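The values are calculated or read from the model by the stated rules, or taken from the named source; none is laboratory data. Quick caveat: nothing in here was measured; it's all calculated off a predicted structure. In this analysis, Cβ positions are derived from the backbone assuming ideal geometry, glycine residues included, and neighbour counts consider all displayed protein chains.
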Amino acid sequence: MPNIKSAKKRVLVSKRRNAENVAKKSRVRNAIKKFNAAIEAGDVALAEQLLPETVSIIDRAASDGVFHANTAARKKATVCRSLDKLKKA
């Protein structure tokens, strides 16, 4: 444990921010899992309804700095591609 007051604060702040970032990553993973479950079930209507929500959650995580912009773009593209594949089938 640090002895200097500012170092103690940094430890506390970094713990709190780490917990927030873990929660945001979890939120993204859960949204993608929910969307993929709709895709697996073949429910196009539900998947179309979940798409904007999922993309919004991914964008929010990227704007907060949890994900790099390219990572967020890749996740969104994967989600959209899976919906398009389901629509064509």
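Take Glu20 and tell me if it is modelled with pLDDT of 95 or more and more than 18 Å from the chain's Cα centre (by Cα). Talk me through it step by step, then tell me what you get.
Working: modelled with pLDDT of 95 or more: yes; more than 18 Å from the chain's Cα centre (by Cα): no.
So Glu20 fails the test.
Could you please find all residues in segment 48-67 being in a helix (DSSP H, G or I) and either closer than 16 Å to Ala23 by Cα or aromatic (Phe, Trp, Tyr) (or both)?
Thr54, Ser56, Ile57, Ile58, Asp59, Arg60, Ala61, Ala62, Ser63
Out of the residues in segment 1-44 that are among the hydrophobic types (A, V, I, L, M, F, W, C) and outside any helix (DSSP H, G or I), state the one that is nearest to Lys75 (Cα to Cα).
Going through segment 1-44, the residues among the hydrophobic types (A, V, I, L, M, F, W, C) turn out to be 1, 4, 7, 11-13, 19, 22-23, 28, 31-32, 35, 37-39, 41, 44.
Those still in the list that are outside any helix (DSSP H, G or I) too: 1, 4.
Details: Met1: 38, Ile4: 41 Å.
That would be Met1.
Name, by its number, the condition in (1) in contact with an Asp or Glu (Cβ under 9 Å, 6 or more places away or on another chain); (2) at positive phi; (3) not hydroxyl-bearing (Ser, Thr, Tyr) that does not hold for Gly42.
(1)
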